[in-house]
Amino acid sequence: MSRLNYRHLYYFWHVATSGNLTRSAEQLHVSQSALSTQIRSLEESLDCQLFLRSGRKLVLTEAGQQAMRFAEDIFHRGEELEVLLRHGVSLANKRLRIGTTSHMSRNFIEEFIGPAMYDSEASIALISDNQAKLLSDLTRHQLDVVLTNAHIEVSDNQVWQIHLLSRQPVTIVCPPALAAASLKQHPWVLPSRKHGIRGEFDAFCLRQGFQPTIKAEVDDMAMLRLMARDSQAFGLLPRVVVRDELANGVLVEREALSGVDERFYAVTVERVFQPELLDVLLSRYH
């Protein structure tokens, strides 16, 4: 009975992920010819072609795409096993590694991790980075969950599970001094066009018949909250972001944008051993 050579399969997986033989050979610290030989050996043992050449790139055949899906699962399971054995089941259940995008609401993050902060045995690590890097770390089991409010592109090769946690109303806020002022006659601090709610605001302005005077456009919601609080301007934010300022009267709400909300997601991957603490946090939103 023939046995699958997992080293050959690992080399195939690496090349299939990058699509570049030269780059993969450099990262794996083997010669390009040796890497090609290993992949040919795998193709011969499986009796099928896994790659087609397209210029300088390698393109997966139909069989290669099927092999890639199995290889993804095999090596992600292996990474999960390594983490499990290195840190132990009990520690993995009580230690949670959470990735957060840089423009995620700090108030929402605090709300999400709230129960863990009252668990004397729990340990939380918060890692902030761009979404692509966080999702990459998630698939390699370097993170347990990613929190984001940005759209997530999904393809057949990805194993992400996307949980919609909350829909937060988007509202126009301002300092109390502007509570009765015209929206057309004062400057605005706004989310940048990377945020989906910005397009909704542009449509709102068009319906209202005015072009806003923009004082600042900001990617980071925490910074946008500070600018809305400290400048004599109107601001556009999800209500959860300025929850404290609205409660203590530093900001007032002019009006919510009808039918517009900010969506907050948790992204996970399927695991044999899901951290118990993560199940607790996610269950509150079901």
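The values are calculated or read from the model by the stated rules, or taken from the named source; none is laboratory data. Keep in mind that this is a model prediction, so the values were computed, not measured. So basically every Cβ, Gly included, is an ideal-geometry build from the backbone, and we count neighbours across all protein chains shown.
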Going through the stretch 259-272 in order, the residues found to be under 20 Å from residue 104 (Cα atoms) and among the basic types (Lys, Arg) are 263
Those residues of the stretch 204-234 which are farther than 16 Å from residue 106 by Cβ and surrounded by 18 or more Cβ atoms within 10 Å (Cβ to Cβ) amount to 204, 212, 233, 234
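Condition test on residue 277, is it part of a helix (DSSP H, G or I) and assigned by TED's automatic domain parsing to the domain that holds residue 119? Can you show your working first?
Values: part of a helix (DSSP H, G or I): yes; assigned by TED's automatic domain parsing to the domain that holds residue 119: yes.
So residue 277 passes the test.
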Out of (1) surrounded by 16 or more Cβ atoms within 10 Å (Cβ to Cβ); (2) closer than 24 Å to residue 111 by Cβ, the one residue 247 does not meet is (1)
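Quick check on this structure: which one of 172, 162, 197 is under 30 Å from residue 65 (Cβ atoms) and of a type in the set (A, V, I, L, M, F, W, C)?
Numbers: 172 fails: under 30 Å from residue 65 (Cβ atoms); 197 fails: under 30 Å from residue 65 (Cβ atoms).
Of the residues listed, the single one that is under 30 Å from residue 65 (Cβ atoms) and of a type in the set (A, V, I, L, M, F, W, C) is 162.
Check 76, 87, 14, 103 and return the single one that is at pLDDT below 85, crowded, with 16+ Cβ neighbours inside 10 Å and more than 30 Å from residue 167 (Cβ to Cβ). Please lay out each step first, then the result.
Details: 87 fails: crowded, with 16+ Cβ neighbours inside 10 Å; 14 fails: at pLDDT below 85; 103 fails: more than 30 Å from residue 167 (Cβ to Cβ).
Testing whether each residue is at pLDDT below 85, crowded, with 16+ Cβ neighbours inside 10 Å and more than 30 Å from residue 167 (Cβ to Cβ) leaves just 76.
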Going through the stretch 210-262 in order, the residues found to be in a strand (DSSP E or B) and under 19 Å from residue 166 (Cβ atoms) are 236, 237, 238, 253, 256, 257, 258, 259, 260, 261, 262
If we ask which residues in the stretch 199-209 are assigned to a helix (DSSP H, G or I) and small (Gly, Ala, Ser), their number turns out to be 2
Practice problem: Evaluate the following for residue 256: is it in contact (Cβ under 8 Å) with a residue 60 or more places away in the chain, within 22 Å of residue 108 (Cβ to Cβ) and in contact with a Pro (Cβ under 6 Å, 6 or more places away or on another chain)? | Solution: yes
Listed by first then second residue, the pairs whose first member lies in the stretch 52-68 and is assigned by TED's automatic domain parsing to the domain that holds residue 12 and at pLDDT below 85, whose partner is basic (Lys, Arg) and outside any strand (DSSP E or B), with beta carbons under 6 Å and at least 6 positions apart or on separate chains, are none
Expected single match for at pLDDT below 80, over 19 Å from residue 225 (Cβ atoms), out of contact with any Asp or Glu (no Cβ under 7 Å at 6 or more places or on another chain) and surrounded by 18 or more Cβ atoms within 10 Å (Cβ to Cβ) among 92, 116 is 92
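Answer yes or no as to whether residue 126 is of a type outside the set (S, T, N, Q) and modelled with pLDDT under 90. Please lay out each step first, then the result.
Numbers: of a type outside the set (S, T, N, Q): yes; modelled with pLDDT under 90: no.
It is false that residue 126 is of a type outside the set (S, T, N, Q) and modelled with pLDDT under 90.
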